[in-house]
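Colleague: Before I ask anything, let me first share the structure, which is written out below as structure tokens.
The values are calculated or read from the model by the stated rules, or taken from the named source; none is laboratory data. Worth saying up front: this structure is predicted, and the values here are computed from it rather than measured. Cβ sites come from the backbone with ideal geometry, for glycine too, and all protein chains shown count toward neighbours. To get the accessible areas, we keep the full protein, side chains included, count just its heavy atoms, and leave off ligands, DNA and RNA. Shrake-Rupley method; radii C 1.70, N 1.55, O 1.52, S 1.80 Å.
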Amino acid sequence: MLELKHISFRVEDGGNKDILDDISLTVGDNRFVVITGPNGGGKSTLAKIIMGIEQPTAGQILFEGQDITALSVTERAALGIAYAFQQPVRFKGLTVSDLIELAAGHSLERGDLCGYLTEVGLCARDYIDRDVNASLSGGEIKRIEIAMALARGAHLTVFDEPEAGIDLWSFNHLIAVFQKLRRETRGTSLIISHQERILDIADEIVVLAGGHIVARGHKEAVLPKLLETGSSVNFCEGKAEQL
Amino acid sequence: MNQITEDLLKIVSDWNGIPDAAYNIREDSGCAGRRSTEHIQIDSKEDLPGINITVQPGTKGEMVYIPACVTHSAVDDLVYNDFYIGEGADVTIVAGCGIHSDGEEESRHNGIHRFFIEKGAKVLYLEKHIGTGKGSGARVINPVTEATLAEDAYMEMNTTQIGGVDSTVRKTKATLQQGAKMVVKEKLLTEGTQRAESDFVINLIGEGSGAHLVSRSVAKGHSEQLFRSCLVGEAACSGHSECDAIIMDDGKVSATPELTAHNVDAALIHEAAIGKIAGEQITKLMTLGLTEHEAEEKIIEGFLR
Ligand SMILES: Nc1ncnc2c1ncn2[C@@H]1O[C@H](COP(=O)(O)OP(=O)(O)O)[C@@H](O)[C@H]1O
Ligand SMILES: [Mg+2]
């Protein structure tokens, strides 16, 4: 479904720096893959490259057999790629329901709109008409971002640290969201996360550090390597806050 | 009332047939219809073009429609409208002006509105300005608003100018007595070579008076906007003005705040932010499937809503 071939992302930052260096990765249909690894390892950059927000300096991206390397963000969205940002964007004057409807691609009945918000643990009535502006807290806007990704109903959804800024109660809710996504196999999910409970439900874990894939496989196989990289994964059960 | 007037009315005052309320329709400097109601009296002025609108004390929840339309080129309309809002009244005034021109010559509407709002009265003033038609003649709207708010009076002005007006100079002046409050929400969009100027002077002379002024504007093409706000605090009062502008293409916006405090307990704030649409906002909407152009339109639509 998704095939990354020799993807590199090189920036001129003083000298040349490879944020991503020759990444190759294949993800199958209806898979639930978690990408983890230390901060600065290149995870968000990879997500942006998949969505088309950043262009790789080398390599090729295939999506459902089609070469999408040269396609725009809009074109990739139309093909069925969705991306929940690590840092959600705020707007002046666009409401939660505006954004969820844009994500769904059509207007929604109030009940359906509310369904998406309830799913991410927000009381729909309190949020539906609110502006997605600076008045929302980090955790609130993060959940709205996830609700938008769910409303897209895309073949491939990339979630970038969905747990960040979310309190413990909502975190349990979030896990339930992903479990449900999995159960209903609503397409392929690529989740960037540091949370053990999210790693637990992955089909596969990919560890990205220093622009390289340093390990991939099941949790048991990957865990030791992960600790070697000094990743910030928090394996203390119940601790949801993460840097 | 001609067809053009009717079309303009739909845009500027959500006209949907003769309303069950007091109204006066001004068409090409004449009167195309008027009605007074039990509590709201509309009379022609004797010495000047224009009307006096008198709202009896205690009138609650009533509306007054006073739209003005110019339906062709080469009209120079000047009107003086005075509003007397009696003590404790609570009314909504729907104003607004549309200029339609298919000709080469300029058409203009100068509306001078004065409000005398008595003790404890509340006014919601809604005003939309629009220019339509294919003529090259400029459509010019220059509104002057002067409001005097007595003790504990409240006025909210929502003004919108969203297209087709080539030149506008808007002047708003208000004086607020003890406990009076004024809220202004201005929305402005200019494009092509349009020019808009908005000038506020609010004198907070009474203790506990307050003004809250928010201007949101978008300047596209080669258009230019000038925003000036002057808040004067003469007593323990609060004043807040905010200018938030998006510029696109070669648009220009300049914002000049002026705050004057004559009392140590006058709390006055001005905020201004001018810039292009944030790139990440466009990117976000593109990830939802919008094209870059659709994303920009959506962001502006929300911003000016
Ligand atoms: N366009 C860019 N120019 C320079 N440095 C960049 C650019 N994009 C990302 N980086 C750097 O690449 C590194 C990886 O960033 P990121 O992908 O956000 O990491 P992660 O999401 O794994 O924490 C960081 O050090 C970041 O500062
Ligand atoms: Mg990141």
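Colleague: Go through region B:96-106 residue by residue and tally those that are in contact (Cβ under 8 Å) with a residue 40 or more places away in the chain and part of a loop (DSSP other than H, G, I, E, B).
Modeller: At the first step, the residues of region B:96-106 found to be in contact (Cβ under 8 Å) with a residue 40 or more places away in the chain are B:96-100.
Within this subset, residues satisfying the condition of being part of a loop (DSSP other than H, G, I, E, B) are B:96.
Summing the residues that are in contact (Cβ under 8 Å) with a residue 40 or more places away in the chain and part of a loop (DSSP other than H, G, I, E, B) in region B:96-106 gives 1.
Colleague: A further question follows. Sort through B:215, B:107, B:136 and tell me the only one that's among the polar types (S, T, N, Q) and in contact with a Ser or Thr (Cβ under 6 Å, 6 or more places away or on another chain). First the steps, then the outcome.
Modeller: Numbers: B:215 fails: in contact with a Ser or Thr (Cβ under 6 Å, 6 or more places away or on another chain); B:136 fails: in contact with a Ser or Thr (Cβ under 6 Å, 6 or more places away or on another chain).
Being among the polar types (S, T, N, Q) and in contact with a Ser or Thr (Cβ under 6 Å, 6 or more places away or on another chain) holds for just one of B:215, B:107, B:136, which is B:107.
Colleague: Within the group A:74, A:69, which residue is over 11 Å from the mean Cα position of the chain (by Cα), more than 15 Å from ligand 1 (Cβ to nearest atom), assigned to a helix (DSSP H, G or I) and more than 21 Å from residue A:16 (Cα to Cα)? It would help to see each step written out before you state the result.
Modeller: Working: A:69 fails: assigned to a helix (DSSP H, G or I).
Among A:74, A:69, only A:74 is over 11 Å from the mean Cα position of the chain (by Cα), more than 15 Å from ligand 1 (Cβ to nearest atom), assigned to a helix (DSSP H, G or I) and more than 21 Å from residue A:16 (Cα to Cα).
Colleague: Based on what the data block shows, is residue B:231 surrounded by 14 or more Cβ atoms within 10 Å (Cβ to Cβ), within 28 Å of residue B:181 (Cα to Cα), hydrophobic (A, V, I, L, M, F, W, C) and within 14 Å of chain A (Cβ to nearest Cβ)?
Modeller: Numbers: surrounded by 14 or more Cβ atoms within 10 Å (Cβ to Cβ): yes; within 28 Å of residue B:181 (Cα to Cα): yes; hydrophobic (A, V, I, L, M, F, W, C): yes; within 14 Å of chain A (Cβ to nearest Cβ): no.
Judged against the criteria, residue B:231 is not a match.
Colleague: Look through B:272, B:211 and report the one residue that is of a type in the set (Gly, Ala, Ser) and within 30 Å of residue A:99 (Cβ to Cβ).
Modeller: On the way: B:211 fails: within 30 Å of residue A:99 (Cβ to Cβ).
Selected residue: B:272, the only one of B:272, B:211 that is of a type in the set (Gly, Ala, Ser) and within 30 Å of residue A:99 (Cβ to Cβ).
Colleague: Moving to a separate point now. Determine whether region A:178-200 contains at least one residue that is open to solvent by less than 30 Å² (accessible area, probe 1.4 Å), part of a loop (DSSP other than H, G, I, E, B) and either within 15 Å of ligand 2 (Cβ to nearest atom) or closer than 30 Å to residue A:18 by Cα (or both).
Modeller: Yes, some residue in region A:178-200 is open to solvent by less than 30 Å² (accessible area, probe 1.4 Å), part of a loop (DSSP other than H, G, I, E, B) and either within 15 Å of ligand 2 (Cβ to nearest atom) or closer than 30 Å to residue A:18 by Cα (or both).
Colleague: Kindly indicate the residue of region B:279-305 that is within 20 Å of residue B:225 (Cα to Cα) and not in a helix (DSSP H, G or I) and also nearest to the other protein chains (Cβ to nearest Cβ) among those meeting that condition.
Modeller: Going through the qualifying residues, I end up with B:305.
Colleague: Go through region A:27-48 and report how many residues are open to solvent by 40 Å² or more (accessible area, probe 1.4 Å), more than 16 Å from residue A:189 (Cβ to Cβ) and more than 11 Å from chain B (Cβ to nearest Cβ). Give the derivation first.
Modeller: Restricting attention to region A:27-48, the residues satisfying the condition of being open to solvent by 40 Å² or more (accessible area, probe 1.4 Å) are A:29-31, A:39-40, A:48.
The next check asks that each one be more than 16 Å from residue A:189 (Cβ to Cβ); those that pass are A:39-40, A:48.
Cutting the leftovers down to more than 11 Å from chain B (Cβ to nearest Cβ) gives us A:39-40.
The qualifying residues number 2.
Colleague: Does residue B:109 fit the bill of being modelled with pLDDT of 95 or more, closer than 18 Å to residue B:171 by Cβ, part of a strand (DSSP E or B) and not polar (S, T, N, Q)?
Modeller: On the way: modelled with pLDDT of 95 or more: no; closer than 18 Å to residue B:171 by Cβ: yes; part of a strand (DSSP E or B): yes; not polar (S, T, N, Q): yes.
No, not satisfied.
Colleague: Identify, please: which residue in region B:14-37 is surrounded by fewer than 16 Cβ atoms within 10 Å (Cβ to Cβ) and hydroxyl-bearing (Ser, Thr, Tyr) and is, among those, farthest from residue B:2 (Cα to Cα)?
Modeller: B:36
Colleague: Still on this structure, I have one more. Of the conditions (1) touching an Asp or Glu at 6+ places or on another chain (Cβ under 6 Å); (2) open to solvent by 20 Å² or more (accessible area, probe 1.4 Å), residue B:224 fails just one. Which one is it?
Modeller: For residue B:224, the exception is condition (1).
Colleague: I need a count of the residues in region A:54-67 that are open to solvent by less than 40 Å² (accessible area, probe 1.4 Å) and either within 14 Å of chain B (Cβ to nearest Cβ) or within 13 Å of ligand 2 (Cβ to nearest atom) (or both).
Modeller: Selection size over region A:54-67: 0.
Colleague: If you don't mind, another one. Can you pull out the residues in region B:40-56 that are touching a Gly at 6+ places or on another chain (Cβ under 8 Å) and surrounded by 15 or more Cβ atoms within 10 Å (Cβ to Cβ)? Outline the logic, then answer.
Modeller: Here is the first cut: in region B:40-56, the residues touching a Gly at 6+ places or on another chain (Cβ under 8 Å) are B:44, B:54-56.
Listed by number, the residues that qualify are B:54, B:55, B:56.
Colleague: Taking region A:21-53, which residues are within 11 Å of ligand 2 (Cβ to nearest atom), assigned to a loop (DSSP other than H, G, I, E, B) and polar (S, T, N, Q)?
Modeller: If the condition is that a residue be within 11 Å of ligand 2 (Cβ to nearest atom), assigned to a loop (DSSP other than H, G, I, E, B) and polar (S, T, N, Q), then A:39 is the only one that fits.
Colleague: Residues A:9, A:91: which one is away from chain B (no Cβ under 14 Å) and either assigned to a loop (DSSP other than H, G, I, E, B) or surrounded by 21 or more Cβ atoms within 10 Å (Cβ to Cβ) (or both)? Steps first, please.
Modeller: On the way: A:91 fails: away from chain B (no Cβ under 14 Å).
On inspection, the qualifying residue turns out to be A:9.
Colleague: Can you spot a residue in region A:7-17 that is at pLDDT below 95, polar (S, T, N, Q) and more than 9 Å from ligand 1 (Cβ to nearest atom)?
Modeller: For region A:7-17, residues at pLDDT below 95, polar (S, T, N, Q) and more than 9 Å from ligand 1 (Cβ to nearest atom): present.
Colleague: From the list A:140, A:163, A:145, pick out the single residue that is part of a helix (DSSP H, G or I) and either under 13 Å from the mean Cα position of the chain (by Cα) or within 16 Å of ligand 2 (Cβ to nearest atom) (or both). Break it down stepwise before answering.
Modeller: On the way: A:140 fails: either under 13 Å from the mean Cα position of the chain (by Cα) or within 16 Å of ligand 2 (Cβ to nearest atom) (or both); A:163 fails: part of a helix (DSSP H, G or I).
Criteria check complete, one pass: A:145.
Colleague: Same structure, new question: Of the residues A:1, A:51, which single one is within 14 Å of chain B (Cβ to nearest Cβ), closer than 13 Å to residue A:190 by Cβ, aliphatic (A, V, I, L, M) and away from ligand 1 (no atom under 11 Å from the Cβ)?
Modeller: Details: A:1 fails: within 14 Å of chain B (Cβ to nearest Cβ).
Result of the check over A:1, A:51: A:51.
Colleague: So how many residues does region A:178-200 have that are under 15 Å from the mean Cα position of the chain (by Cα) and closer than 18 Å to residue A:35 by Cβ?
Modeller: Residues meeting the conditions: 14.
Colleague: Now, a different point. Among the residues of region A:94-111, what is the count of those that are crowded, with 17+ Cβ neighbours inside 10 Å, within 11 Å of chain B (Cβ to nearest Cβ) and of a type outside the set (D, E, K, R)?
Modeller: Taking region A:94-111 as the starting set, the residues that turn out to be crowded, with 17+ Cβ neighbours inside 10 Å are A:94-104, A:108.
Subset that is within 11 Å of chain B (Cβ to nearest Cβ): A:94-95, A:98-104.
Next, from what is left, pick out any that are of a type outside the set (D, E, K, R): A:94-95, A:99-100, A:102-104.
Residues meeting the conditions: 7.
Colleague: Also, quick follow-up: Quick one: which of A:134, A:202, A:149 is within 14 Å of chain B (Cβ to nearest Cβ), more than 16 Å from ligand 1 (Cβ to nearest atom) and closer than 19 Å to residue A:50 by Cβ?
Modeller: Of A:134, A:202, A:149, the one residue that is within 14 Å of chain B (Cβ to nearest Cβ), more than 16 Å from ligand 1 (Cβ to nearest atom) and closer than 19 Å to residue A:50 by Cβ is A:149.
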